[in-house]
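Below is one structure; the comments refer to it alone.
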Amino acid sequence: MPITRFLPYTPTSCQATAVQKMSEFFRNKDRIFILQGYAGTGKTTLLKGVLDYLDSIEHPYEIMASTGRAARVMSLKTGRKATTIHSSIYVLDRNKSVVSEENKSLAFKLRFNSDAEETIYFIDEASMIADKSEVNPNLQFDDGKFLSHIFRYTGNRKIMFIGDNAQLPPVNCSFSAALSADYLKATYKLAVMQVSLTEVKRQANNSGIIDNATEMRKKLFAVSIPPLSLNANGTNDISVTRNVWVAIDAFVKNARQEGYENSIFIAFSNGSVNYLNSQIRKGLFRAEDPPLQIGEWLMVNQNNTPTGLSNGQHVKLISFVDRNEHVGEIQLLDAEVQDPETGDNYSVKIVKNTLYSAATGLTSLQDKELTRDFAIRMRYQNIKPQTEEYVNNMMSDKRFNPLIMKFGYAITCHRAQGGEWKHVYINLEPAFNNIDRAGQYRWLYTAMTRAAQKLIVPQHPIIF
């Protein structure tokens, strides 16, 4: 039975080509398939049809994504379980992980892969996968080369990388290695098939978002990149406000009416995100400097082992108690948070400091304070390092593993990558003008294509 039987529409010519090449890929010995899908081209709908086809012939597959947010979007759109790459391929190395009063070093190793040899791995938001050594003495993933670890874990099994190379590349990288056939062939000597979806399907009727995204993508890959521009004339899904203050007021009104989960404010820098969150909270709670409120929308800023909550994931604050608990400089709150996607509640400790500061995480000194506190508590309980009980406590102790949180009304574009909201507000701050032209294109393209229905942008010289 052909794959096209599982598509809910007649495929575009690009999609038909993709289906034909995928059919070849499933039968041949090539190991890698790259599916480039630009904004609005029906990439996810096509993928769902492919997965329906594989189910019909009982062919095994696994779905992964670069972030927790992207995995959840993929699960929602395909109706299938999707996991983060990290949670799928890594497991704690208990022999190499060390936590003492003077030192903390968590080491992870590749899991043993027991999947059938014919398993196909579908990896979404592959533009975010880096292939450079990143060494962190406190958090070790071997040599830190994420892409090479994926290949080592999957062995000779097939992989389909899915993404959009017009989006932002990984942080501190100039390109998306997993979406470059030339790079994969030259660096890993892999046989690669690839296809690009360029014909627009999503939001096709008078969509300023998709029309602008399509033009940006064409100009980004032109020989000479012209100055960035955004055409908001005659569109029904792009709204231009007089200034950022009007946009903030609109965000507050919309959040009150439709809920926090349907809107997001995307900014260029962490400093701007911190400032926007403070201004949005002033409007939401009608106070100059409002204290933490029940029901607030928070974002996880670091993977949390006891709960499984992922970096970049939003949660709702259900309740909290301030017991004046401190670990050195760190202020801790006892709280209950809810995963809005699953409805699951978690009893946690939250670091209060990071909620209000521009910093995205703990300082090295603060991290050492948590480590020393944990080691001392284990010593008092006569639980020895490297024992199973010690390691189990290390992974489950709420005080050692507090939730590192930020207010989640405004986030950076990298944090937004892989997500989708009904209403997206963008702040084109002065620092945006200082990055190179290609970077401006990728940033705005990525930010605006997070919008499912409406894009709201304060007036800016690039808008006409």
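The values are calculated or read from the model by the stated rules, or taken from the named source; none is laboratory data. Quick caveat, the model's predicted, so the values are computed rather than measured. Every residue, glycine as well, gets a Cβ built from its backbone with ideal geometry; the counts of neighbours run over all protein chains shown. In case anyone asks, the SASA skips ligands and DNA or RNA and just uses the protein heavy atoms, side chains included. Shrake-Rupley method; radii C 1.70, N 1.55, O 1.52, S 1.80 Å.
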Using a 10 Å cut-off on Cβ atoms, rank the peptides 173-180, 226-233 from the highest mean neighbour count down.
173-180, 226-233
For residue 197, which sequence-distant residues (separation of 5 or more, or a different chain) have an amide H within less than 5 Å of its own amide H, given hydrogens modelled in the peptide plane?
36, 37, 38
For segment 63-177, with all protein chains present and a 1.4 Å probe, just round the carbon and sulfur fraction of the accessible area to a whole percent.
51 percent
Could you list the chymotrypsin sites (Phe, Trp or Tyr not before Pro) in segment 17-126 that lie in coil according to DSSP, counting only those with at most 13 other Cβ atoms within 10 Å of their Cβ?
112
Once residue 23 and residue 87 are pulled to full extension, the length gained, defined as 0.36 nm per residue separation minus their Cα-Cα distance, is 20.1 nm
Give me the mean projected area, in nm² to one decimal, of the convex hull enclosing the Cα positions of segment 122-225.
8.7 nm²
Would you please report the Å³ per residue occupied by the convex hull of the alpha carbon atoms in segment 289-425?
137 Å³
Estimated FRET transfer efficiency (residue 100, residue 436; beta-carbon r; R0 51 Å; 0.05):
0.70
Beta carbons within 10 angstrom, averaged per residue: use that to sort the peptides 77-86, 380-389, highest first.
77-86, 380-389
Rounded to the nearest 20 Debye, what is the dipole magnitude of segment 274-412 about its Cα centre when Lys and Arg each give +1 and Asp and Glu each give -1 at the C-beta?
240 debye
Of the accessible area of segment 352-464, computed with a 1.4 Å probe and all protein chains kept, carbon and sulfur make up a percent value of 51 percent
Could you pull out every residue, at least 5 positions away or on a different chain, whose amide H is within less than 5 Å of the one on residue 239? Hs are placed 1.01 Å off N in the peptide plane, and Pro or chain starts have none.
455, 456, 457
Using every alpha carbon pair in segment 172-248, what percent of pairs falls into each 5 Å bin from 0 up to the bin containing the largest distance?
3, 11, 14, 15, 17, 14, 12, 7, 4, 3, 1
Long-range amide H contacts for residue 83: which residues qualify at under 5 Å (H placed 1.01 Å from N, peptide plane, sequence gap of 5 or more or a different chain)?
63, 64, 65
If I take the Cα coordinates of segment 242-318 and project them onto the principal axes, what are the three extents in Å, biggest first?
43, 27, 24
Using packing as a proxy for protection, rank 342-348, 272-278 so that the peptide with the highest average count of other Cβ atoms within 10 Å comes first.
272-278, 342-348
Can you tell me the length gained on complete extension of the stretch residue 377 to residue 182, counting 0.36 nm per residue apart and subtracting the Cα distance?
65.0 nm
Going through segment 86-158, which GluC sites (Glu not before Pro) have at most 10 other Cβ atoms within 10 Å and a DSSP loop state?
102, 117
What dipole magnitude, in Debye to the nearest 20, does segment 1-120 give about its Cα centre under +1 on Lys/Arg Cβ and -1 on Asp/Glu Cβ?
300 debye
Please report, as a whole percent, how much of the solvent-accessible surface of segment 199-303 comes from carbon and sulfur atoms (probe radius 1.4 Å).
48 percent
Please get the size of the charge dipole for the chain, origin at its Cα centre, with Cβ charges of +1 on Lys and Arg and -1 on Asp and Glu, quoted in debye to the nearest 20.
600 debye
Only sites in a loop by DSSP and with at most 12 other Cβ atoms within 10 Å count here; which trypsin sites (Lys or Arg not before Pro) in segment 234-286 make the cut?
242, 286
Using only Cα atoms, locate the centre of segment 397-437 and the centre of segment 100-114, then give the distance between them in Å, rounded to an integer.
28 Å
Full-extension gain between residue 345 and residue 199, please, as 0.36 nm times their residue separation minus the C-alpha to C-alpha distance.
48.4 nm
Could you give me the ³J(HN,Hα) list for segment 36-46, computed from phi with Karplus coefficients 6.51, -1.76, 1.60 and θ = phi - 60°, whole Hz, x at Gly and Pro?
7, x, 6, 3, x, 8, x, 4, 5, 5, 4
Rounded accessible area per residue of segment 23-135, 1.4 Å, Å²
44 Å²
Can you give the accessible area per residue of segment 274-394, in Å², using a 1.4 Å probe?
49 Å²
